[in-house]
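A quick write-up on the structure given underneath.
Derivation of every value follows stated rules applied to the coordinates shown; laboratory data play no part. The structure displayed is predicted, hence computed values, not measured ones. Note that we place each Cβ from the backbone using ideal geometry, even for glycine, and neighbour counts take in every protein chain shown.
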Amino acid sequence: MLHTLVFSDIPALIAIENEVHAHPWTAEAFEICFKAGYSGFGMKKDEQFVGFIILALGAEECHILNLGTARAYQHQGVGTQLLLYALQHAKFYGARIAYLEVRASNVHAIALYRKVNFFPTGIRKGYYQTATGHEDASMFTCEL
Ligand SMILES: CC(C)(COP(=O)(O)OP(=O)(O)OC[C@H]1O[C@@H](n2cnc3c(N)ncnc32)[C@H](O)[C@@H]1OP(=O)(O)O)[C@@H](O)C(=O)NCCC(=O)NCCS
């Protein structure tokens, strides 16, 4: 079931974030998003969050800021449902395009984005930190 995220969901989001990202967002990063009024949706199974998405809307654009599915629930359609719901929400509120950055090495996420009609628009050199240095971000856009 999909839920609109609220400030008190942050600990549950951090639990997923820490499980799935080598360089996870901090609590402060989530707090900044809620304080800024960004939109967020979470998927619950058995009363527990198993995935979430956070997006910023403005100027007819939707920036997908974060997306994660708890490891035990990956590759079961959660990410697709969250992303499609977020894009529908963004379109309803006037967005004409959605865009995002993803680690160039993140083949699973890139497969998901391509599946829902995002196409690559470029590279941001050394955008992300890695254990040993930096890696490029691939930029993707989707027309809504
Ligand atoms: C990327 C991520 C959000 C996908 O979520 P998910 O719930 O597993 O996604 P879905 O089950 O809806 O899968 C959608 C597509 O992603 C790809 N994919 C997801 N997991 C995969 C896996 N383990 N192996 C191969 N492809 C995979 C497939 O193309 C899949 O489509 P398919 O089911 O038709 O094969 C999830 O893997 C994740 O949380 N990863 C770590 C965090 C992350 O990378 N976030 C994105 C940052 S930009």
Selection from segment 96-111 of residues that are in contact (Cβ under 8 Å) with a residue 40 or more places away in the chain and either surrounded by 15 or more Cβ atoms within 10 Å (Cβ to Cβ) or assigned to a strand (DSSP E or B) (or both): ILE97, ALA98, TYR99, LEU100, ALA109
Identity of the residue in segment 57-85, among the small types (Gly, Ala, Ser) and closer than 17 Å to GLU17 by Cβ, that ends up farthest from the ligand (Cβ to nearest atom): ALA72
Residues of segment 43-76 that turn out to be aromatic (Phe, Trp, Tyr) and within 13 Å of the chain's Cα centre (by Cα), as a count: 1
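So is ALA22 within 16 Å of the ligand (Cβ to nearest atom) and among the small types (Gly, Ala, Ser) or not?
yes
Quick check on this structure: which one of PHE30, PHE52, PHE34 is among the aromatic types (Phe, Trp, Tyr) and part of a strand (DSSP E or B)?
After ruling out the rest, the residue left standing is PHE52.
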Scan segment 86-100 for residues that are within 28 Å of ALA131 (Cβ to Cβ) and either more than 15 Å from the chain's Cα centre (by Cα) or more than 7 Å from the ligand (Cβ to nearest atom) (or both) and report the count. 1
Applying the selection to segment 70-87, what residues are under 14 Å from MET1 (Cβ atoms) and part of a helix (DSSP H, G or I)? TYR73, VAL78, GLN81, LEU82, TYR85
Those residues of segment 108-133 which are under 16 Å from GLY77 (Cα atoms) and hydrophobic (A, V, I, L, M, F, W, C) amount to ALA109, ILE110, ALA111, LEU112, VAL116
